[in-house]
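Presented below is the structure to which this report refers.
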Amino acid sequence: MTAGTGAGASLANSRPCKNSAAPKISNIKITIDGHFNSKVYTSGSTISGHAVVRTQKDAKFDDFDIIFSGIAATRLDYVQQYPANSFRPFMKLRMPIDRSALPDNNVFVGGKTYHIPFNFVVPHQLTIGACNHHCSSPAVKDYHLRLPPTVGFWEADDSAPEMAQIEYSIKARAYRKVTEADQAQQKTLEGYHIVKVLPSLPEDAPLDITFRDERYAMSKTKTIRKNLFSAKTGKLTVSASQPSAIMLSADGHKASGSVARIDLEFAPSSADCAPPKINSVSGKITSYTFFGAAPTDLLPNLGSRAIYTPNPSLSYTATTSLFNYNNSNKATDKLEWQMRNVSGRRDSGYSSLGITDEDQSENDCAVAAKMPGKTCPIRQNAVIQIPFNIPLSNKKIFLPTFHSCLISRTYTLHLNLSVGPTNTTMSLAIPLQIGVETIHEPHGDDLPSFESVMAENQHTDDSGVPDRHFLEYPELTQHTNHMLPGYDEINRRTIRAF
């Protein structure tokens with residue numbers, strides 16, 4: 001039992017048939033309106049079409065299903081104590097079949113073609129039952145109930161291993177009852193069509209990174225020297241915050257840019273020590289695909305790398321270069337350093353005596369140099385802001401950041417600075433989110449908005465002033481089947497409030 005390894009392989013075909021003795025007949029073709037191979041569907045997109053049934057000979061059936069399904073599959077190699085393969089269906093939308101589209105006698109006549117229509121809408125969220133295992137926090141549960149993107153079935157490289165795949169497909173199946181007693185069924189006709197889904201994923205709040213999150217390094221401090229054997233000129237601290245998310249278009253072909261902000265603080269050993277020169281700044285993005293054989297209860301990118309978990313995850317990484325600026329670029333050539341005094345001591349008589357803040361800072365440094373254990377109170381600060389974009393092409397696609405029960409995808413922005421005469425290297429690892437913009441596709445059968453209904457139902461009094469005390473509520477007809485009423489079953493009644 002192995003997961004499909006190619007873009008055209010279906011996860012459905014990798015699962016063993018329950019009744020291998022029964023021959024599998026594939027005489028159902030799924031046709032989707034307006035579909036083409038590279039088409040991408042997002043949250044709110046409509047997927048409509050027909051299941052076309054044509055058999056060579058008569059085929060009797062007892063039940064017929066058309067479903068829109070989502071399945072996650074992982075394979076763990078070289079980990080013998082855990083299952084080698086894992087399949088987890090996380091979505092199954094069943095299309096109500098109009099009986100008039102099926103033959104009356106439940107027999108598909110050989111040589112005759114039947115068109116059974118379907119219409120699905122890609123949901124914005126999964127149902128609560130999609131994640132029924134324990135999670136370490138409600139935030140993890142919320143992530144797992146988001147729709148994950150297609151993984152492993154793109155024409156371009158999505159930087160995911162063959163051992164982790166997420167498939168969306170439209171499936172049509174005809175069933176026959178094996179026995180009347182236990183109502184067991186076996187498939188007699190089957191057809192499926194894989195579709196690519198890139199769900200809308202909005203920008204999240206920045207991650208709260210602590211020292212326990214070993215995959216990230218938000219700040220680094222190093223001693224700066226003129227050469228390997230000279231005395232230190234000071235300490236340079238380099239810090240960065242999580243940049244704004246890169247937002248993909250709904251089809252994944254375009255992406256917004258972001259800005260990497262690097263804060264520099266230089267603590268000189270003496271007042272005459274100038275800040276070091278920034279020789280170069282480079283950036284690269286690393287994608288991490290986490291996958292396991294059992295559902296995870298935490299976010300795999302946070303915490304210690306070596307922490308014990310009952311359901312460990314493997315990771316697969318891929319790195320792409322983003323930018324490389326040297327001292328000839330404007331981003332690093334002309335930095336504006338701002339001096340400040342952190343001693344906190346000020347005297348209102350300084351200005352009357354003609355002593356500036358810089359002179360006072362130099363005096364404080366001179367005093368500190370003569371006192372053991374004291375450091376120069378001067379701090380010099382500068383900011384580097386580097387806009388960047390992710391490279392998009394027909395050969396490479398960046399999936400959005402997501403966390404599902406079996407598979408997760410995260411990104412890290414690696415920043416490398418070369419500073420000072422000795423080319424001291426300072427490296428940062430910053431979390432970076434990639435999201436997907438939300439679009440609202442119009443549907444012909446959408447319910448009207450609240451504002452439009454209120455405007456339409458707004459009444460006026462004799463003076464022409466709108467009557468704000470006039471409200472209309474739907475009156476429900478009597479229900480006996482314990483189901484929610486249909487739209488056609490709603491009648492209106494008028495309620496007046498005075």
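Within the group Gln165, Gln125, which residue is within 21 Å of Ser45 (Cα to Cα), under 26 Å from the mean Cα position of the chain (by Cα) and of a type in the set (S, T, N, Q)? Among Gln165, Gln125, only Gln125 is within 21 Å of Ser45 (Cα to Cα), under 26 Å from the mean Cα position of the chain (by Cα) and of a type in the set (S, T, N, Q).
For Thr221, are the conditions met, namely being more than 17 Å from the chain's Cα centre (by Cα) and either assigned to a loop (DSSP other than H, G, I, E, B) or crowded, with 17+ Cβ neighbours inside 10 Å (or both)?
no
Within 19 Å of Ile378 (Cα to Cα), β-branched (Val, Ile, Thr) and at pLDDT 95 or above, is that true of Val238? Yes, satisfied. Going through (1) aromatic (Phe, Trp, Tyr); (2) part of a loop (DSSP other than H, G, I, E, B); (3) open to solvent by less than 20 Å² (accessible area, probe 1.4 Å) one by one, Phe120 falls short only on (2).
Inspect segment 391-404 for any residue being modelled with pLDDT of 85 or more, outside any loop (DSSP other than H, G, I, E, B) and in contact with a Phe, Trp or Tyr (Cβ under 9 Å, 6 or more places away or on another chain) and give the result as yes or no. Within segment 391-404, one or more residues are modelled with pLDDT of 85 or more, outside any loop (DSSP other than H, G, I, E, B) and in contact with a Phe, Trp or Tyr (Cβ under 9 Å, 6 or more places away or on another chain).
One residue stands out in segment 38-64 among those that are within 23 Å of the chain's Cα centre (by Cα) and assigned to a loop (DSSP other than H, G, I, E, B): the one that is modelled with the lowest pLDDT, namely Ser38.
Test Thr237 against the criterion of being β-branched (Val, Ile, Thr), under 38 Å from the mean Cα position of the chain (by Cα) and over 19 Å from Pro275 (Cα atoms), and give yes or no. Walk me through how you get there before you give the answer.
Details: β-branched (Val, Ile, Thr): yes; under 38 Å from the mean Cα position of the chain (by Cα): yes; over 19 Å from Pro275 (Cα atoms): no.
No: the conditions fail for Thr237.
So that you can scan it fast, the table gives a plain yes or no per residue for (1) β-branched (Val, Ile, Thr); (2) open to solvent by 60 Å² or more (accessible area, probe 1.4 Å):
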residue	(1), (2)
Leu102	no, no
Thr113	yes, no
Gln125	no, yes
Ile128	yes, yes
Ala139	no, no
Phe153	no, no
Met163	no, no
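Does Ile47 meet the test of being within 19 Å of Ala174 (Cα to Cα) and buried (at least 17 other Cβ atoms within 10 Å of the Cβ)? It is false that Ile47 is within 19 Å of Ala174 (Cα to Cα) and buried (at least 17 other Cβ atoms within 10 Å of the Cβ). Only one of Thr425, Thr332, Thr412 is out of contact with any His (no Cβ under 9 Å at 6 or more places or on another chain), under 30 Å from Ala72 (Cβ atoms), modelled with pLDDT of 60 or more and of a type in the set (S, T, N, Q); which? Among Thr425, Thr332, Thr412, only Thr412 is out of contact with any His (no Cβ under 9 Å at 6 or more places or on another chain), under 30 Å from Ala72 (Cβ atoms), modelled with pLDDT of 60 or more and of a type in the set (S, T, N, Q).
Of all residues in segment 224-238, those satisfying the criterion of being touching a residue at least 40 places away in the same chain (Cβ under 8 Å) and open to solvent by 10 Å² or more (accessible area, probe 1.4 Å) are Arg225, Lys226, Asn227, Leu228, Thr233.
The values are calculated or read from the model by the stated rules, or taken from the named source; none is laboratory data. Since we're looking at a predicted model, the values are computed, not measured. Ideal geometry is used to build each Cβ from the backbone, glycine not excepted, and the neighbour counts take in all protein chains shown. Ligands, DNA and RNA are excluded from the accessible area calculation, which covers all protein heavy atoms including side chains. Shrake-Rupley method; radii C 1.70, N 1.55, O 1.52, S 1.80 Å.
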